[in-house]
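Beneath this line is the structure, given in structure tokens, with notes to follow.
Just so you know, all these numbers are worked out from the coordinates, no wet-lab data involved. Predicted model, so just to flag it, every value in this text is computed and none were measured. Here Cβ is always computed from backbone atoms with ideal geometry, including for glycine, and neighbour counts include all displayed protein chains.
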Amino acid sequence: MTEVRDDAATGRDEARGRAWRGIFAAVAAVPVLIVGVLVVGVPALLLTDDEEVGRYVAEKAGCAEALAFGGAALPEGARIESCTVTHGTDPGYRAVFRMPRANVRGWLAGSYPDAPEPRRACASSDADLCLGLRRSDALPGDAGAHGVQVEIAHQDAETALVSFSAFTICPGCQHGPPRSSPAGG
């Protein structure tokens with residue numbers, strides 16, 4: 001006897017088999033894609049030199065610019081560690097520097113003559129003195145910031161580590177240090 005072959009049924013079975021192989025290949029590709037993203041993406045994130053701050057990236061900034069935004073100037077004898085700016089809804093500057101410990105109170109009083117005395121009870125456990133100011137309290141009129149936070153940690157008998165932050169607190173606020181207006185205008 002000869003075998004009778006149904007070509008139409010065989011074609012359907014082959015098509016069904018190809019469909020299952022396609023689904024299996026797609027499902028198997030998902031873990032491969034996830035591993036690929038991790039292998040490429042994680043090292044790329046780790047190798048960036050920007051400091052991540054919340055949702056915004058902190059970029060290097062000039063220290064004079066950072067302090068001017070908060071209405072201050074870099075104190076005499078300061079050794080800069082870092083100065084950054086973040087852009088976003090609420091722009092802000094941060095400066096970290098070391099200075100002679102004996103000059104800290106004089107620098108604060110000269111920068112913010114209407115400010116209260118620095119507090120000894122600070123939110124940061126590392127800080128020995130802190131000062132928080134709002135524009136309505138004691139910030140100079142030429143400050144672009146709405147708030148300033150200064151924390152001072154005494155490193156040794158001669159040196160203090162200063163962490164200075166100047167920031168705005170509303171969308172659409174000024175995004176940089178104040179600019180002088182043209183003469184007569």
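Computed quantities for the displayed model
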read-out	value
Protection proxy ranking, peptides 159-167, 144-152, average beta carbon neighbours within 10 Å, highest first	144-152, 159-167
5 angstrom amide H check on H146, placed H, neighbours 5+ away	F167, T168, I169
Surrounding net charge for T168, when Lys and Arg each add one and Asp and Glu each subtract one, Cβ distance under 13 Å	+1
Burial order of peptide ranges 92-98, 65-71, 135-141, 113-119 (average beta-carbon count within 10 Å, highest first)	65-71, 92-98, 135-141, 113-119
Taking segment 93-159 and dividing mean pair separation by its residue count, relative contact order in percent (alpha carbons under 8 Å, at least six apart)	33 percent
